Amino acid sequence: MENQKRLDEFQAKIDAGIKIEPKDWMPDKYRQTLVRQMSQHAHSEVIGMQPEANWLTRAPSLRAKKILMAKIQDEGGHGLYLYCAAETLGVSRDQYIQWLHEGKSKYASVFNYPSPTWADMGAIGWLVDGAAIVNQVSLQRTSYGPYARAMVRICKEESFHQRQGYEIMAEMAKGTPEQKEMAQEALNRWWWPSLMMFGPHDKESSNSGQSMKWGIKLESNDDLRQQFIDKTIPQVELIGLEVPDKNAKLMPNGSYKTSDIDWDEFWNVIKGNGPCNSQRLKHHKKAHDDGAWVRAAAEAYGKKQMELVD
Amino acid sequence: MRNTLNKMNHLQKYCLRIADNSWILGNRLGEYSSKGPFLEEDLAITNVGLDHVGLSEAVYKYVAELDGTKSADDYAFRRAEHEYFNIQLVEYPNEDFAYIMARQFLFDVYQFLFLEALVDSKDNTLAALAKKSLKEVTYHIRRSTQWMYRLGDGTEESHFKIQGALNELWMYKDEMFFMDETDEEMMKAGIGVDLNVLKTKWEDKVTEVLTKATLTVPENPLFSLQYGKNGHHTDFMGYILLDLQYLNSKYPDAKW
Ligand SMILES: [Fe+2]
Ligand SMILES: [Fe+2]
């Protein structure tokens with residue numbers, strides 16, 4: 001049993017806005033929640049490289065190619081910061097990756113959708129990175145120090161991604177009729193999955209209450225989702241595309257009312273049955289397995305060098 | 001575009017060779033993104049790829065300026081296969097990490113020496129570009145040299161794999177030093193590089209690294225390839241171009 005006095009002191013620290021650092025005492029459940037959430041976040045950055053890498057050789061201009069390459073690199077870099085931050089919880093990156101491969105650790109479901117056209121590169125940057133920013137800006141104030149600091153670094157880059165994605169969509173929306181159609185279809189494809197990124201309704205979210213109390217989570221899923229919707233709908237209209245929700249309506253308070261999410265689809269994809277779940281995981285495992293001999297060589301060589309020094 | 005390319009002068013062709021080498025290699029490296037043996041290495045490879053794309057863009061822009069009728073993107077995306085003048089080595093597919101690194105090492109040594117000499121070019125634009133890229137390529141060559149050591153002197157398996165890849169790619173090396181009329185003209189004008197001098201330096205450096213990596217320098221190829229730089233490519237080239245040019249050829253009127 002964790003003694004009540006320690007728990008109270010811990011809570012008092014959180015309430016006073018003092019960050020929890022790796023060496024500080026923390027309740028097991030706090031640590032477990034962070035292990036789950038931070039590894040999921042790290043895996044998402046890395047798995048998210050796949051739908052974009054899918055278009056790297058096909059990027060249509062020198063500029064677009066450079067931007068996409070740099071973006072994919074940024075995302076992998078975010079994965080690195082987050083793995084490092086998550087390792088401070090006493091779990092190794094190897095272990096996190098093994099959990100991913102065993103299906104014990106998840107990544108953002110949004111990456112289980114395909115990217116069939118160039119417009120998807122626009123939609124991913126604009127909507128998926130856009131939704132991620134809303135979430136991550138909030139997480140900059142999260143109670144675990146290493147996580148909060150990783151978010152600060154990451155947020156700076158995410159806003160570039162969002163702008164660059166929106167620029168692709170804007171360019172296509174004012175392009176040829178075919179381009180406009182591709183842009184609209186990509187928006188239709190990514191709209192709902194992006195809204196789903198914020199997770200279930202608060203009343204449905206099992207961990208939400210405790211996470212908020214511990215300052216891991218600062219705003220509710222529904223509040224964050226609403227911020228994203230209110231920010232994004234005017235952007236859709238500005239470039240002459242249609243919001244893929246006939247019921248979307250501006251309310252007198254300046255906020256938009258929208259249809260409810262298809263929660264059956266949401267849970268179905270989370271359970272691993274989405275269009276690309278198996279493809280994404282297979283891709284990651286294959287790269288990892290194909291690289292085993294390379295990692296072994298680097299390790300063996302490193303050891304030999306160490307022996308030479310001794 | 002075919003007619004204009006036939007009339008192209010030596011300087012333009014010389015530049016396109018530089019740009020195309022980096023353009024095709026940059027794309028090959030990009031193709032490997034998300035497939036690396038571990039995250040840091042995955043990112044490093046994309047990073048090198050990005051440097052190559054950056055160099056190719058700068059050189060295409062210069063050619064576009066010399067020409068005055070086409071854009072850098074026209075050069076990168078809208079040419080027929082035989083109008084690309086990269087050496088065949090860089091179009092070789094990403095068979096596995098050993099091939100990727102062997103290809104990279106052989107090319108990095110070449111490109112480093114090439115740019116080092118090009119810094120003294122009488123063409124100010126090329127000299128400036130060479131100077132700028134040399135910093136990046138210094139990092140590339142350090143990395144690929146490290147990998148020769150690690151793979152050559154790592155495990156039995158890695159030694160076998162990297163040696164196999166080097167043996168296989170060895171037949172593509174001579175093309176780097178083959179001098180045709182364009183190279184001769186550019187050298188005489190003080191713009192281009194003497195590839196004969198480069199060849200000796202390249203052989204010395206490659207032998208030094210491979211020996212230190214406990215690897216064997218492959219036998220001289222019985223058949224040597226000197227075609228890419230004049231637009232003759234391997235079977236692999238058409239497919240990567242198909243990818244590169246996909247959107248531009250399918251939607252010729254579109255801007256992206
Ligand atoms: Fe990211
Ligand atoms: Fe991003």
* With respect to the numbered conditions (1) touching a Leu at 6+ places or on another chain (Cβ under 9 Å); (2) without any contact (Cβ under 8 Å) to a residue 12 or more places away in the chain; (3) facing chain A (nearest Cβ under 10 Å), which one is the sole condition not fulfilled by B:I162? -> (2)
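Conditions (1) away from ligand 2 (no atom under 13 Å from the Cβ); (2) within 14 Å of chain B (Cβ to nearest Cβ); (3) at pLDDT 95 or above, marked per residue:
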position	(1), (2), (3)
A:D129	no, no, yes
A:K174	yes, yes, yes
A:E178	yes, yes, yes
A:R189	yes, no, yes
* So which residues in region A:84-117 are assigned to a loop (DSSP other than H, G, I, E, B), within 16 Å of ligand 2 (Cβ to nearest atom) and within 14 Å of chain B (Cβ to nearest Cβ)? -> A:Y107, A:S115
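May I ask you to verify whether B:L5 is over 30 Å from A:E45 (Cα atoms), surrounded by fewer than 24 Cβ atoms within 10 Å (Cβ to Cβ) and at pLDDT 95 or above? Give the derivation first.
On the way: over 30 Å from A:E45 (Cα atoms): yes; surrounded by fewer than 24 Cβ atoms within 10 Å (Cβ to Cβ): yes; at pLDDT 95 or above: no.
Against the criterion (over 30 Å from A:E45 (Cα atoms), surrounded by fewer than 24 Cβ atoms within 10 Å (Cβ to Cβ) and at pLDDT 95 or above), B:L5 does not qualify.
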* To do: Restrict the check to region A:143-157 and report whether at least one residue is within 16 Å of ligand 2 (Cβ to nearest atom), within 12 Å of another protein chain (Cβ to nearest Cβ), touching a helix residue (DSSP H, G or I) at 6+ places or on another chain (Cβ under 7 Å) and in contact (Cβ under 8 Å) with a residue 40 or more places away in the chain.
  => no
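In this structure, does A:G48 turn out to be of a type in the set (G, A, S), within 30 Å of B:Y239 (Cβ to Cβ) and out of contact with any Cys (no Cβ under 7 Å at 6 or more places or on another chain)? Spell out how you get there, then give the answer.
Numbers: of a type in the set (G, A, S): yes; within 30 Å of B:Y239 (Cβ to Cβ): yes; out of contact with any Cys (no Cβ under 7 Å at 6 or more places or on another chain): yes.
So A:G48 passes the test.
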* When residues of region B:40-49 are limited to those that are within 7 Å of another protein chain (Cβ to nearest Cβ) and buried (at least 23 other Cβ atoms within 10 Å of the Cβ), the one farthest from A:H43 (Cα to Cα) -> B:G49
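Out of all the residues in region B:185-194, is one or more β-branched (V, I, T) and under 24 Å from A:A296 (Cα atoms)? Please lay out each step first, then the result.
Our first condition is that a residue be β-branched (V, I, T); within region B:185-194, this holds for B:191, B:193.
Okay, now just the ones that are also under 24 Å from A:A296 (Cα atoms), so none.
So far as region B:185-194 goes, no, none of its residues is β-branched (V, I, T) and under 24 Å from A:A296 (Cα atoms).
Residues checked against (1) assigned to a helix (DSSP H, G or I); (2) in contact with a Leu (Cβ under 8 Å, 6 or more places away or on another chain); (3) within 15 Å of ligand 1 (Cβ to nearest atom):
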site: A:W126; (1), (2), (3): yes, no, yes
site: A:V134; (1), (2), (3): yes, yes, yes
site: A:T142; (1), (2), (3): no, yes, no
site: A:A148; (1), (2), (3): yes, yes, no
site: A:Y166; (1), (2), (3): yes, no, no
site: A:Q179; (1), (2), (3): yes, no, no
site: A:N188; (1), (2), (3): yes, no, no
* Tell me, please, whether a residue that is away from chain A (no Cβ under 14 Å) and of a type in the set (S, T, N, Q) can be found in region B:145-154. => no
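Out of contact with any Pro (no Cβ under 6 Å at 6 or more places or on another chain) and at the interface with chain A (Cβ under 9 Å from one of its Cβ atoms), is that true of B:S22?
Numbers: out of contact with any Pro (no Cβ under 6 Å at 6 or more places or on another chain): yes; at the interface with chain A (Cβ under 9 Å from one of its Cβ atoms): no.
In short, no.
Taking the stated definitions as given, is B:F112 under 17 Å from the mean Cα position of the chain (by Cα) and closer than 18 Å to B:I18 by Cβ? Let's see the steps before the verdict.
Details: under 17 Å from the mean Cα position of the chain (by Cα): yes; closer than 18 Å to B:I18 by Cβ: yes.
Considered against the rule, which asks whether it is under 17 Å from the mean Cα position of the chain (by Cα) and closer than 18 Å to B:I18 by Cβ, B:F112 comes out as yes.
Restricting the search to region B:216-244, which residues are within 9 Å of chain A (Cβ to nearest Cβ) and either in contact with a strand residue (DSSP E or B) (Cβ under 7 Å, 6 or more places away or on another chain) or within 24 Å of B:M8 (Cα to Cα) (or both)? Lay out the reasoning, then the answer.
Just the residues of region B:216-244 that are within 9 Å of chain A (Cβ to nearest Cβ), to begin with: B:240, B:243-244.
Selection gives B:L244 alone.
Residues of region B:67-82 being in a loop (DSSP other than H, G, I, E, B) and either within 13 Å of chain A (Cβ to nearest Cβ) or among the charged types (D, E, K, R) (or both), which ones?
Of everything in region B:67-82, those that are in a loop (DSSP other than H, G, I, E, B) and either within 13 Å of chain A (Cβ to nearest Cβ) or among the charged types (D, E, K, R) (or both) turn out to be B:K70, B:S71, B:R78, B:R79.
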* Structure fact -> If we keep only residues of region A:29-83 that are more than 7 Å from every other protein chain (Cβ to nearest Cβ) and assigned to a loop (DSSP other than H, G, I, E, B), then the residue nearest to ligand 1 (Cβ to nearest atom) is A:G48
* Quick one: is A:D74 of a type in the set (D, E, K, R) and closer than 30 Å to A:L241 by Cβ? -> yes
* All but one of (1) surrounded by 15 or more Cβ atoms within 10 Å (Cβ to Cβ); (2) within 14 Å of another protein chain (Cβ to nearest Cβ); (3) closer than 30 Å to B:A128 by Cβ hold for B:M186, so report the exception by its number. => (2)
* Asked: Do we find that A:A170 is surrounded by fewer than 22 Cβ atoms within 10 Å (Cβ to Cβ), away from ligand 2 (no atom under 13 Å from the Cβ), hydrophobic (A, V, I, L, M, F, W, C) and within 14 Å of chain B (Cβ to nearest Cβ) in this structure?
  -> yes
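Suppose the filter is assigned to a helix (DSSP H, G or I) and either charged (D, E, K, R) or more than 15 Å from the chain's Cα centre (by Cα) (or both); does A:M212 pass it?
Working: assigned to a helix (DSSP H, G or I): yes; either charged (D, E, K, R) or more than 15 Å from the chain's Cα centre (by Cα) (or both): yes.
Considered against the rule, which asks whether it is assigned to a helix (DSSP H, G or I) and either charged (D, E, K, R) or more than 15 Å from the chain's Cα centre (by Cα) (or both), A:M212 comes out as yes.
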* In region A:1-12, the residues that are part of a helix (DSSP H, G or I) and closer than 20 Å to A:V35 by Cα -> A:L7, A:F10, A:Q11
* Structure fact -> Taking first residues from region B:87-101 that are surrounded by fewer than 24 Cβ atoms within 10 Å (Cβ to Cβ) and second residues anywhere that are outside any helix (DSSP H, G or I) and of a type in the set (F, W, Y), the pairs with Cβ under 6 Å that are 6 or more apart or on different chains are B:P93/B:F236; B:N94/B:Y32
* May I ask you to list the residues in region A:156-172 that are of a type outside the set (S, T, N, Q), within 20 Å of the chain's Cα centre (by Cα) and modelled with pLDDT of 95 or more? => A:H161, A:R163, A:G165, A:Y166
* Number of positions in region A:280-310 that are away from every other protein chain (no Cβ under 12 Å) and touching a residue at least 60 places away in the same chain (Cβ under 8 Å) -> 1
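The values are calculated or read from the model by the stated rules, or taken from the named source; none is laboratory data. These figures come from a predicted structure and were not determined experimentally. All Cβ positions, even for glycine, are placed from backbone atoms using ideal geometry, and neighbour counts span all protein chains on display.
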